[in-house]
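What follows is a set of notes on a single structure, which appears directly below.
Each value in this text was obtained by applying a stated rule to the coordinates, not by laboratory testing. This one's a predicted model, so the numbers in the text were calculated from it and none came from an experiment. Neighbour counts are summed over all protein chains in view; Cβ atoms, including those assigned to glycine, are modelled from backbone coordinates with ideal geometry.
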Amino acid sequence: MIARIWHGMTASTKADEYTKFLNARAIPDYRSTPGNLRVHILRRGDGERTHFITLTFWESLEAIKSFAGDPVDRAKYYPEDRDFLLDFEPKVQHWEVVGSAKP
């Protein structure tokens, strides 16, 4: 299993609206891709900025490629992101999952 981690930042005044966008547009997009196992969106306020981490889990790098294209470490953005994000980090991180536990 592969974990894919993306980071983005918004102005805190736009954080609630961006959260709604992620839940309505991004999560369904991830989940509709074969090989996507889970999606988690994390949010942390930091004064005038709010950080977002998208943490997704995938069966394989090939599954990620079908979602993000090639190269697989390039960040995928939506046109609407221009209305929210303060910058556009060009790359994501991939980590091999070597241990986990279910409740």
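Annotations
- Subset of segment 83-103 [more than 16 Å from W6 (Cβ to Cβ) and not in a loop (DSSP other than H, G, I, E, B)]: D83, E96
- Considered as a group, the residues in segment 64-89 that are charged (D, E, K, R) and either touching a strand residue (DSSP E or B) at 6+ places or on another chain (Cβ under 8 Å) or buried (at least 16 other Cβ atoms within 10 Å of the Cβ) (or both) include one that is nearest to T19 (Cα to Cα), and that residue is D81.
- When restricted to residues that are more than 15 Å from E96 (Cα to Cα) and either in contact (Cβ under 8 Å) with a residue 60 or more places away in the chain or touching a helix residue (DSSP H, G or I) at 6+ places or on another chain (Cβ under 9 Å) (or both), segment 36-60 contains 11.
- Of all residues making up segment 64-80, the number that are part of a loop (DSSP other than H, G, I, E, B) and not hydrophobic (A, V, I, L, M, F, W, C): 7
- For the condition loosely packed, with under 12 Cβ neighbours inside 10 Å, farther than 17 Å from A3 by Cα and of a type in the set (K, R), R44 qualifies.
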